[in-house]
Amino acid sequence: MFTIIEEYKRFRKVTFYTLRYEDSEFSETDKFIERFMNDENYNVDLDEIFYQINDIGENSGAEQKYFRHEGKAEALPSKWSENRLRLYCIRLTDNIVILANGGIKSSQTAQDSRDLSMKFHFANKAAHEINKCINEGQIRINVGLSSLEGESELYL
């Protein structure tokens, strides 16, 4: 099955992309938001992630220090947060980030968290494939436009 990389939201300093399965109407990021948007148990956690995306996009840029290192991928919110949610992403440059899916961190590690394990592995596999496509020239980073060019479909 193909996974499509598509632009999600463009800010002053960062362009965020997302991943969407070819047979799905909704992106992985939209699925994450939809799942927690109306759950009052996670309102504060989700709001913090939204705040960080907006702040990174408009003000600071996607510097490594704003992300949690999660194997080949990253996650939001930053490592200083007590947030119970994780939104996986692939930080390509200070101006380009690909958002994936996420969930509830219920164990010491994401791999041991029942809700996160598959999303963690998907984000890491996607990060590996995207970086491979960049190295082989199938995907190109346009630094001046903060955009991705070339192949937008990955077989994951």
Whether region 1-80 is rounded, prolate or oblate, judged on the alpha carbon gyration tensor where a/c under 1.5 counts as rounded: oblate
Rounded to the nearest 10 Å², the accessible area of Leu19 at probe 1.4 Å: 0
Region 111-130 versus region 51-72: alpha-carbon centroid distance in Å: 18
Degrees, to the nearest 10: 117-135 long Cα axis against longest axis of the chain: 20
Prolate/oblate/rounded label for region 64-152 (Cα gyration tensor, a/c 1.5): prolate
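Under the √(5λ) rule applied to the eigenvalues of the Cα gyration tensor, what semi-axes describe the equivalent ellipsoid of the chain? Give them in Å, descending.
They are 23, 18, 14 Å, listed from largest to smallest.
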Gaussian network model of the chain, springs between alpha carbon atoms under 10 Å - residue of Thr15, Thr93, Thr29 with greatest fluctuation: Thr93
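Roughly speaking, what is the stretch gain from Glu149 to Glu7, that is 0.36 nm per residue apart minus the C-alpha to C-alpha distance, in nm to one decimal?
Contour length minus Cα-Cα distance gives 50.0 nm.
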Loop GluC sites (Glu not before Pro), region 70-124, which have at most 16 other Cβ atoms in a 10 Å radius of their Cβ (DSSP): Glu82
Vicinal HN-Hα couplings computed from phi for region 147-153 (Karplus, 6.51 cos²θ - 1.76 cosθ + 1.60; Hz; Gly/Pro x): 9, 9, 10, x, 4, 10, 10
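Can you list the GluC sites (Glu not before Pro) in region 1-63 that are in a DSSP coil and have 14 or fewer other beta carbons within 10 angstrom? Don't jump to the answer; show the numbers that get you there.
Numbers: sites: Glu6, Glu7, Glu22, Glu25, Glu28, Glu34, Glu40, Glu48, Glu58, Glu63; in loops: Glu22, Glu25, Glu63.
Passing both the DSSP loop test and the Cβ count: Glu22, Glu25, Glu63.
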Additional length obtainable on full extension of the chain from Met37 to Glu58, 0.36 nm per residue less Cα span: 5.3 nm
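What longest region of the chain stays clear of trypsin sites (Lys or Arg not before Pro) that DSSP places outside H, G, I, E and B and that have at most 12 other Cβ atoms within 10 Å?
Working: sites that count: Arg12, Lys79, Arg114.
Result for the longest clean stretch: 13-78.
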Lys pairs, the chain - Cα-Cα below 14 angstrom, 8 or more residues apart or on other chains: 7
Those chymotrypsin sites (Phe, Trp or Tyr not before Pro) in region 1-95 that DSSP places in a loop and that have at most 15 other beta carbons within 10 Å: Phe26, Trp80
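Ignoring everything except DSSP H segments at least 4 long, calculate the 222 nm mean residue ellipticity for the chain; use -39,500 (n - 2.57) per segment, divide by total residues, nearest 500.
-8500 deg cm²/dmol
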Percent RCO, i.e. relative contact order, over region 28-137, from Cα pairs under 8 Å lying at least 6 residues apart: 21
For Asn101, distant residues with modelled amide H under 5 Å away: Tyr88
Amide N of region 1-41 lying under 19 Å from the label point, which is placed 7 angstrom from the Cα of Asp47 along Cα→Cβ: 33-41
Heavy-atom accessible area per residue - the chain, 1.4 Å, Å²: 53
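The values are calculated or read from the model by the stated rules, or taken from the named source; none is laboratory data. Not measured: the values here are computed from a predicted model. Every residue, glycine among them, receives a Cβ derived from its backbone with ideal geometry; neighbour counts consider all protein chains shown. Areas reflect the complete protein model, heavy atoms only, side chains present, ligands, DNA and RNA absent. Shrake-Rupley method; radii C 1.70, N 1.55, O 1.52, S 1.80 Å.
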